[in-house]
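This report concerns only the one structure given below.
The values are calculated or read from the model by the stated rules, or taken from the named source; none is laboratory data. Fair warning: this is a prediction, and the values are worked out from it, not measured in the lab. Cβ: placed from backbone, ideal geometry, glycine included. Neighbour counts: every protein chain shown. These area figures cover heavy atoms from the full protein model, side chains too; ligands, DNA and RNA do not enter into them. Shrake-Rupley method; radii C 1.70, N 1.55, O 1.52, S 1.80 Å.
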Amino acid sequence: MRFFSDKDRPVHMGPYPLERLSRSESADFSAVPEFQQLSFRRSNAPDSIVNAMGEYQAMMDAIRDGLINKAQAGIPDDLQERTNHLKGFGYFSDASMVGACRIPSSAFLKAPYKNPDIERLAEDLRTKQTTTLTAGIDMIMADLKESMEAPPRSMNHHTHALVYLYEYPRDPGADEVGCGWIQDAQEARACLRASETAVVIANYIRLLGHDARAHTGTTAEIDLNQLTVACGLATDENGALINPYLGDRFGVAVVTTSLEIAVDKPLVPLQDQPRSHTHGLAW
């Protein structure tokens with residue numbers, strides 16, 4: 001139960017008191033478990049909503065990268081102001097938590113993973129005609145085709161990252177009406193919602209004239225777990241990523257960029273977090 005109003009709380013600080021958490025100057029990533037690619041295919045459960053979500057997730061992965069505006073827009077010189085702005089959009093998009101960090105060299109994947117549905121989506125775009133009267137759909141489809149046909153680019157020059165974390169809602173009860181088609185969808189739901197935000201932010205940064213790319217639970221060149229630890233949204237606790245307020249019930253998507261921003265420090269282990277300070281009456 002929350003006892004105090006948060007109406008005057010700055011939007012970039014979000015709904016959780018992350019500023020109360022104890023932090024360290026560095027983190028050890030050697031023991032952080034490597035992120036495992038998610039699948040949106042439920043062949044053993046054809047009625048699962050996750051099967052329908054897969055099409056939309058593939059679209060997000062298809063447009064996670066794109067052309068960069070040749071003319072750079074005017075933005076604040078203050079790095080903290082830049083980070084606050086990009087965090088604020090995440091919270092406007094209902095992210096539970098947002099963190100920023102420098103990209104550790106160990107986070108670049110030797111074997112990037114890719115959503116297998118992207119190729120099918122690309123083939124549909126090449127061969128199928130859109131039949132809809134929805135306003136603006138032609139422009140949207142043109143942008144999608146352009147993104148998918150763009151040649152691959154290196155991201156070795158990306159130095160900073162933003163992590164958008166979405167918590168799981170409560171699990172549906174087995175006896176609830178409609179449970180059958182939405183159960184076991186928590187990971188996919190969090191992945192999709194985080195992907196939406198990351199893809200929009202990456203495109204926004206590119207429109208400002210800086211390189212940026214979104215990385216999701218289904219397509220990435222970067223280890224999402226290492227960046228979640230690096231930006232202070234979780235710690236490695238016996239081989240599992242744990243958030244001080246949500247436990248392991250969350251999913252993330254990441255934006256990597258060449259744009260310089262202010263960063264957050266990693267957290268100290270949970271056993272060293274003063275619970276009275278982070279969960280007490282003052283909050």
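Of note:
- Average accessible surface for the stretch 236-283: 48 Å² per residue, computed with a 1.4 Å probe over protein heavy atoms with every protein chain in place.
- The equivalent ellipsoid that matches the C-alpha gyration tensor of the stretch 226-273 spans semi-axes of 21, 13, 8 angstrom, in descending order.
- ARG102 contributes an accessible area of around 130 Å² to the protein surface, as traced by a 1.4 Å probe with all chains present.
- Computed over the alpha-carbon atoms, the stretch 172-265 gives an Rg to Rh ratio of 1.05, Rh here being the Kirkwood radius from the mean inverse distance.
- Its residues counted as N, the stretch 65-127 yields a C-alpha radius of gyration over 2.2 N^0.38 Å of 1.63.
- Listed values (i) 1.03; (ii) 0.97; (iii) 1.05, entry calculated as Rg/Rh (Cα atoms, Kirkwood Rh): (ii)
- A 1.4 Å probe, protein heavy atoms only, puts the accessible area of ASP8 near 130 Å².
- Kyte-Doolittle at least -1.0, axis length at least 30 Å by Cα - qualifying DSSP helices, the chain: 186-207
- Peptides 40-52, 184-196 ordered by packing proxy, namely the average of other Cβ atoms within 10 Å per residue, highest first: 184-196, 40-52.
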